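Colleague: Sending over a structure as C-alpha cells; questions will come in a sec.
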Amino acid sequence: MSFANILKEYENFDFQNYFENVTDEMILTSIEKKELNKFDFLNLLAPKAKNYLEKLAQKAHKITVANFGYTINLYLPIYVSNYCSSNCLYCGFSKKNKIQRKKLSLEEVEIEAQEIAKSGIKSILFLTGESRKVTPLSYLCEVAKILKKQFSFVSIEVFPMSQDDYKKLFKAGVDGLTIYQEVYDKKVYQQVHVSGEKSNYDYRLETPQRGAEAGFRALNIGTLFGLGDIKKEAFFSGLHASYLSNKYLECELGLSLPRINDAEGHFKPNTILDDVTFVQIMCAYRLFLPRVEINISTRENAKFRDNLLGICATKFSAGSKTEVGGYTKARTEPQFEISDKRQSDEVIQRIQSLGYEPVYKNWESI
Amino acid sequence: MDILKIGNKEFSSRLLSGTGKFRDKNDIKKMLEKSGSQIITVALRRVNLENPIDNILNYIPKHITLLPNTSGARNAKEAIRIAHIARVAGCGDFIKIEVIHDAKYLMPDNEETIKATKALANDGFIVLPYILPDIVTCKKLEDAGASAVMPLGSPIGSNAGLQTKSLIEMIIENSNIPVIVDAGIGLPSHAAQAMEMGADAVLINTAIATASSPALAARAFSLAIEAGRTAYLLKLQEQSKYANASSPLTGFLNL
Ligand code: SF4
C-alpha cells in the first residue's frame, strides 16, 4: 500500500475524540511498552500525556542511549543557491520575495566547502531553492562531486526528482536525501504552496521512496510545524517514517522537527508549536521509532538545543549559515533566521561539557 | 595457559571490546586497562585520519589488536570495499564483517556476509563475521575461510542477554573455529553464562560504553568472563576425569 493510501485511511479519523478518550492508564502502558504500535504513538501525543512528560523523557533518553550511546552526529548545511520558481508563503526564498538572488559558481562552492571543512565536520547537507532552471540536475551533480572531495557524507535538500535523476546524484556521491513534506494536511498544503512545482502534493509525498529506490542510505523527513494541526502533523510524520523504515529496511531514517521562524515575507503561522509540546512530540517519536535519527537544527536556540541533547536528539547542525555563500561572504538574505548563532567549535565544546561525544565523521566514502 | 587463538594471533583475554557510544573517547583507554581486553572493534566509518582529535585510533594504545568493522555496509560489495579501506588506513588484517540490511533492528544479512567472508579471506584478511546464529551459516563460513564466527546474543544495544541461547549452543558444539558471542550482552551475568556454555570469547560494547563508569563496568565484565571460562574448563576437566578413570570405582566388586 502506498503512503498516500495510508493517509486516506485517516481522512475521517476523529483525533479530537480519540484524544479525549485516552486515559492515564493507556498513556502509562504505552510508555512502558517495548514495541509501540500506532495507537500507542497516538496516546503519547494526546494532550493528557503532557502530565507524564518527565516519565516520557526519561524513557526516551534510555532508549536513545541504548541505541546511539552518548554521541551526537554533527553536520553543516551549505546553501548553494536561493533561486526558486515556487511560491511558498512561509519561505524567505519564495519567488515572490524581492531578495538578492545568488547561485554559487562551482569555484565558489569549492571555496565555501574548504571553509566549512575547517570545522573538521565530515557530513554536509547542500541546499537550494527549488529551481530546475537555475540549478539543474547537471549542476547539482557537479556540486556533489566537489563536496565529496572534502566530505565523506553528502546529503541534499533540493527539488524532488525522479528515481533516475536521484540515481545520477547517488552516483555523483550523494548519500542522503532530506525532503520535508512540510504539511501532510492536503488542504493546508494547497493553501501555502500557492504556485510552482512544489504545489504538487502527491509527487512530493512519494519523493522519499524514489530516493530510497535510487540507493540513498539515509532519508530525512518531517513536517514544518506551524502550518497544519500540530498533533496530526506529528502523527503523520511518525507514521511516514515508520512506513519508510518498514519498506526500506536498509535506509537510515531521520526525523526533523522544524518550526516556523521569522523569515523574509513574515508569514504568520497557522499554529504554534510551543516548547513543551515540542519535547512531547520528540519523545513520542523516539518511543515509537527507537532507531530513528532525531535532527535538531539551528532554528532552535542554543539553550533549548543543549537541553534536547540530554533527552533524545542524535543529530545537530553546528555553526550553520542559511545564506548563500554564508561561510565566506554572507551576502544574501537567509532562508530563515537561525537562533543558535554559535560557531561550530563552541557547539562542539558545549556538547562535550554536557557529557556527550560530538561525532565529526560517521561515514566513509566508499 | 588458556590461550585464545584467532588467525595468526594469540590472546590471553577473552573479552573483546568496542569503541562505539562512549561519552568521552578518553574513557576507551581506561576501559582497556581495567578490562584487560586485547582486541577492540572500531567502525571504519568513525576512523578520521584527517582529524587527530576526532580520530578514534589515537585513543587506542598500540599493543591492542584492532578489529575494524564494516558498520554501515548494506551488502557484500560495500563490506569488501570498507575492509580494503581499513587495511590501507593502517588498521591491520583483522576485519569484523557487519553487513546490515535492516536499519530498524540491525539484523545481519548472513547471505551477504558469507560472500564477503569468502572474498576477504581469499585476500588474506583474518575475517570475523557477525551473524544471526545459524549453524548452517557457520559451517559455510568455516568453508569460506572465516577465522571465527560472531553470533548475536540479542539485537545490538538491546542489553537483553542470550535470547538465542539454544542456537548458539548448537554452534559452540559444532564449530571448528572460535565462537565469539557478540551483541546484546547487557550484564556481566550474561557474559558469564555465554562463557560457561563454552563460547570462546564475548564482545561487549554498549553495556560498557553507556555505563556510568565504563572502567568499572569493564572490570565487572572481565571478572564475569573469567568466572564463566573457569567454570567451563572445570566442567571439561570433570568430564575427562571420567573418561580417563584409571581405577574404576566399581573395580572392587570384581564384576
Ligand atoms: S520552501 Fe523551497 S520551494 Fe518553497 S519557496 Fe522556499 S525554497 Fe522555494
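Colleague: Count neighbours as other Cβ atoms within 10 Å of each site's Cβ, and list the GluC sites (Glu not before Pro) in region A:20-65 that are DSSP loop with at most 14 such neighbours.
Modeller: Hits after loop and neighbour filter: A:35.
Colleague: Can you pull the one-decimal nm distance between simple spin-label points at residue A:106 and residue B:231, each 7 Å off the Cα toward Cβ?
Modeller: 6.5
Colleague: Compute the FRET efficiency between residue A:32 and residue A:197 as 1/(1 + (r/R0)^6), taking r as their Cβ-Cβ distance and R0 = 35 Å, and round to the nearest 0.05.
Modeller: 0.15
Colleague: Using only Cα atoms and rounding to the nearest 10 degrees, what angle (0 to 90) does helix B:135-144 make with the longest principal axis of chain B?
Modeller: So the helix axis and the longest Cα principal axis differ by about 70 degrees.
Colleague: Scan region A:282-328 for GluC sites (Glu not before Pro) in coil per DSSP, keeping those whose Cβ has at most 15 other Cβ atoms within 10 Å, and list them by number.
Modeller: Of the GluC sites (Glu not before Pro), not one in the loops of region A:282-328 has a Cβ with at most 15 other Cβ atoms within 10 Å.
Colleague: Work out from phi, with θ = phi - 60° and the Karplus expression 6.51 cos²θ - 1.76 cosθ + 1.60, the ³J(HN,Hα) of each residue of region B:4-18, listed in order in whole Hz, and give x for Gly and Pro.
Modeller: Going residue by residue, I get 9, 10, 10, x, 9, 10, 10, 9, 9, 8, 10, 10, 9, 10, x Hz, with x marking Gly and Pro.
Colleague: A follow-up question, please. Could you list which residues have their amide H under 5 Å from that of residue B:184, counting only those 5 or more apart in sequence or on another chain, with H placed in the peptide plane?
Modeller: Here the answer is B:154, B:157, B:158, B:159, since their amide H atoms fall under 5 Å of that of residue B:184.
Colleague: For the charge dipole of the protein assembly as shown, defined by +1 on Lys and Arg C-beta atoms and -1 on Asp and Glu C-beta atoms about the Cα centroid, which residue among A:203, A:189, B:86 has the Cα displaced farthest towards the positive pole?
Modeller: Checked the options; the winner is B:86.
Colleague: Still on this structure, please answer the following. Any idea what the dipole of chain B comes to, in debye rounded to 20, about its Cα centre with Lys/Arg Cβ at +1 and Asp/Glu Cβ at -1?
Modeller: 480
Colleague: Against the longest principal axis of chain A, how steep is helix A:230-247, in degrees 0 to 90 to the nearest 10, with axes from Cα atoms?
Modeller: Here the helix axis deviates by roughly 80 degrees.
Colleague: Treating only the Cβ atoms of Lys and Arg (+1) and Asp and Glu (-1) as charged, compute the dipole magnitude of the protein assembly as shown about its Cα centre; round to the nearest 20 debye.
Modeller: The dipole magnitude comes to about 900 debye.
Colleague: Additional query: Stick to the Cα atoms of region A:162-317, pair each with every other, and give me the Kirkwood hydrodynamic radius in Å at one decimal.
Modeller: Taking every pair of different Cα atoms in region A:162-317, averaging 1/r and inverting gives 16.2 Å.
Colleague: Let me ask something else. Could you order peptides A:115-121, A:252-258 by the average number of other Cβ atoms within 10 Å of their residues, highest first?
Modeller: A:252-258, A:115-121
Colleague: Spit out the partnerless Cys residues in chain A, using Cβ distances under 4.7 Å as the pairing rule.
Modeller: So far as the 4.7 Å Cβ criterion goes, A:84, A:141, A:251, A:283, A:312 stand without a partner in chain A.
Colleague: Just list whichever of A:133/A:341; A:59/B:29; B:25/B:96; A:122/A:315; A:62/A:122 have alpha carbons separated by over 23 Å in the model shown.
Modeller: A:133/A:341; A:59/B:29; A:62/A:122
Colleague: Here's another thing I want to ask about it. Using only the alpha carbons of chain A, what is the convex hull's orientation-averaged projected area in square nanometres?
Modeller: 16.3
Colleague: Along the three principal axes, how long is the protein assembly as shown when you take its alpha carbons, biggest first, rounded to the nearest angstrom?
Modeller: Here the spans come out as 108, 59, 44 Å, largest first.
Colleague: Report, in degrees rounded to the nearest 10, the 0 to 90 angle that the Cα long axis of helix A:344-353 makes with the longest principal axis of chain A.
Modeller: Approximately 30 degrees, to the nearest 10.
Colleague: So, by mean Cβ neighbours within 10 angstrom, what's the order for A:134-142, B:220-228 with the highest one leading?
Modeller: For the peptides A:134-142, B:220-228, the packing ranking is B:220-228, A:134-142.
Colleague: A further question on this structure: If each of residue A:15 and residue A:247 carries a label point 7 Å out from its Cα toward its Cβ, how far apart are those two points in nm?
Modeller: 2.1
Colleague: Now for a different question. For region A:65-109 and region A:19-48, what is the separation of their Cα centres, given in Å?
Modeller: 36
Colleague: Oh, and also: State the dimensionless ratio Rg/Rh of region A:196-272 (Rg: radius of gyration of Cα atoms; Rh: Kirkwood radius).
Modeller: 1.01
Colleague: When each pair of different Cα atoms in region A:55-204 is counted once in the 1/r mean, what is the Kirkwood radius in angstroms, to one decimal?
Modeller: Computed over region A:55-204, the radius equals 17.1 Å.
Colleague: Another one. How large is the translational diffusion coefficient of region B:4-241 in µm² per second when you combine the Kirkwood radius over alpha carbon pairs with Stokes-Einstein at 4 °C and 1.567 mPa s?
Modeller: Using the Kirkwood radius from Cα pairs, D works out to 74 µm²/s.
Only the coordinates and a few stated rules stand behind these numbers; no lab work does. These numbers were taken from a predicted model, which means no experiment stands behind them. Every residue, glycine as well, gets a Cβ built from its backbone with ideal geometry; the counts of neighbours run over all protein chains shown.
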